[in-house]
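The values are calculated or read from the model by the stated rules, or taken from the named source; none is laboratory data. Predicted model only: the values in this text are computed from it and were never measured. Counting neighbours? That spans all protein chains shown, and the Cβs are built from the backbone with ideal geometry, glycine included.
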């Protein structure tokens, strides 16, 4: 991080590139201070700004909720409960029951029963039981009015749809108790229909089971006759083929391995065993071949078999000892000494023995490979011989196996059908019921609708949703800059400071006291001093996009702060259309000013007057010219800065707004630094961005932005940018 240099107290010129560090600092600020996409405090700020509209929306919503309570018809709901079991007690012990399941299957079973309750068939049973199709008051109790003009088909359809619409089935989780509720304007009718639904549901369940059993017996009787004939035919075909092919099934006497049936013949058993031996021989041959290939391609003395041989290890150890003795002898004797020659002969002899032993070991590896290859070939020949015999036997056994499987299948089917038919015959006339009534529906005393608390809660919730949606949408459509972080995120300018709003107060009085406003301007003054490693800029232009954003107050406060630090400061009222600094220094009638200097009527030093602070001088605007833009054209501003730069350490220009005027652009291009002022909640992003773009295109050195009139309640971003309290010491 760039370290700020202490100001030496002397003015220094800004060199090109002094402000390049602002881009890096700007990126750091953006990364750390950018607001999140969803900010609760931002929503709170939007709600505060639109509090009047939100209050009206909530009031209307509550009034609508109250109206629904007063004018909605009274609906009475009666509920009967039944218990649905998946299994029932057996009478004979052979009755069919639903399998005991859990989890998803149990929920699916209960949901199926609920679908049966809400079906059109169940509704028709209730209508026929109560004679509702002949009762015209039924529609009146449900609020459907007269049905005299309807055809019989339309009347029946309306009756079914009305009954299903007012029926509610309650299926709690982890329970088999199902609630059957019916709602109408008549409490007695609601209880009667709910109880009828429970009774008809039980009767329909019993009748469905009885009909299913009767149908099953007739179906099984027909299937038994067909299965018996099919079994007889398949048995005759199997016996005839066995005699013709001279095949005997000996699988029952074969041994079993691992729980599997053994081979049917000796040829097949021999083939299985020999095939396993062939696989083992092939694996041994591959392993021996791999060892031989490795032994052929490397020096013999490096083979693992050679190195691990005990005899080879002894020879190598002895040779190492002789080499060590030979080395010692050579240190004391000549090479032709008999003792040396004898030792060398012994070493050569050991080398020959070592090589011979290594070659023998490699030869043994080759012999193992040759032996394994011959064994594999011999076993392979025997396997091929047995394959032919086995294939011949299998050709005759294929048809036999097909016929035998058909006999087994037909016998199992016949025996299963016969057992099932006997069970159904014994169960005839016995029907179990897995549905029982737990509670009958009582006549309701209080209406179930409208529910006062629920209606008001829904009205309040809907009002809140609509109100906050309105506030959020309006806030999104409004591109005003309210959060100081928007300066960095949207304008890509460093934030020099935030000036709090001072409602219903005298700005001049606030500036003369130790207030939050003064502390905020002290912070901005420090930011300006540290904005460059070359120190404080000698010429400073303060402007904004529109009028009334606080640029004149900012100009005066900064100029006064610099003057109180001992610097010679000149503040220039450069707004030749609407000058504002006279409210701080007092109006000077018929006195020359900036317009007179730019028009070459007087010298700059003759137009400067003393300010109301030590080290502070003031150059008023002077007489307002008819065409201020022409005075700033050319080199007028450059000449003015050249004439005054030697007399003052800091020159502050209170420039006019940037939009639609060329004055500020000319001054910003000539000055060493420019500060852009934005009013929180008033300056719009599009207009502000255009103003900053105009300054940057004119090569103005915009060192940062100041956010004025910031009210954290309206912004909704908490106290992130609040200044220190005045009582902080």
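Just a few scattered comments:
- The listed residue being surrounded by fewer than 20 Cβ atoms within 10 Å (Cβ to Cβ) and modelled with pLDDT of 70 or more, out of 694, 713: 694
- Any hit, region 258-273, residues being modelled with pLDDT of 80 or more and crowded, with 16+ Cβ neighbours inside 10 Å: no
- Among the residues of region 119-150, those that are modelled with pLDDT under 90 and in a loop (DSSP other than H, G, I, E, B) comprise 131, 135, 136, 142, 143, 144, 145, 146, 147, 148, 149, 150.
- Restricting region 312-340 to residues that are under 30 Å from residue 292 (Cα atoms) and without any contact (Cβ under 8 Å) to a residue 24 or more places away in the chain, the residue that is surrounded by the fewest Cβ atoms within 10 Å (Cβ to Cβ): 317
- When residue 576 is tested against (1) in contact (Cβ under 8 Å) with a residue 60 or more places away in the chain; (2) in a loop (DSSP other than H, G, I, E, B); (3) out of contact with any helix residue (DSSP H, G or I) (no Cβ under 6 Å at 6 or more places or on another chain), exactly one condition is not met: (3).
- Residue check for residue 343: in a helix (DSSP H, G or I), in contact (Cβ under 8 Å) with a residue 24 or more places away in the chain and in contact with a helix residue (DSSP H, G or I) (Cβ under 6 Å, 6 or more places away or on another chain): no
- Filter result for the condition that a residue is in a loop (DSSP other than H, G, I, E, B), touching a strand residue (DSSP E or B) at 6+ places or on another chain (Cβ under 8 Å) and either modelled with pLDDT under 75 or over 27 Å from residue 444 (Cβ atoms) (or both), over 29, 14: 14
This table checks each residue for (1) at pLDDT 85 or above; (2) surrounded by fewer than 23 Cβ atoms within 10 Å (Cβ to Cβ).
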residue	(1), (2)
537	yes, no
547	no, yes
567	yes, yes
573	yes, no
577	no, yes
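- Taking region 580-593 as the range and being touching a residue at least 60 places away in the same chain (Cβ under 8 Å) and either outside the structural domain of residue 666 (by TED's automatic domain parsing) or crowded, with 21+ Cβ neighbours inside 10 Å (or both) as the test, the residues that pass are 581, 584.
- Residue within region 627-638 that is surrounded by fewer than 21 Cβ atoms within 10 Å (Cβ to Cβ), within 13 Å of residue 539 (Cβ to Cβ) and touching a helix residue (DSSP H, G or I) at 6+ places or on another chain (Cβ under 9 Å) present: yes
- Test: residue 238 is within 25 Å of residue 406 (Cβ to Cβ), surrounded by 15 or more Cβ atoms within 10 Å (Cβ to Cβ) and modelled with pLDDT of 75 or more: yes
- Of the candidates 224, 247, the single residue that is surrounded by 14 or more Cβ atoms within 10 Å (Cβ to Cβ), more than 15 Å from residue 404 (Cα to Cα), modelled with pLDDT of 55 or more and not assigned by TED's automatic domain parsing to the domain that holds residue 416 is 224.
- Among the residues of region 601-620, those identified as more than 20 Å from residue 566 (Cα to Cα) and loosely packed, with under 13 Cβ neighbours inside 10 Å are 603, 605, 606.
- Of everything in region 170-203 that is surrounded by fewer than 16 Cβ atoms within 10 Å (Cβ to Cβ) and in a strand (DSSP E or B), the residue that is farthest from the chain's Cα centre (by Cα) is 177.
- The strands (runs of 3 or more DSSP E) found wholly in region 599-688 and carrying at least 3 residues that are free of Cβ contacts under 8 Å to residues at least 60 places away in the same chain occupy 616-619.
- Among the residues here, residue 553 qualifies as buried (at least 23 other Cβ atoms within 10 Å of the Cβ), touching a residue at least 40 places away in the same chain (Cβ under 8 Å) and in a helix (DSSP H, G or I).
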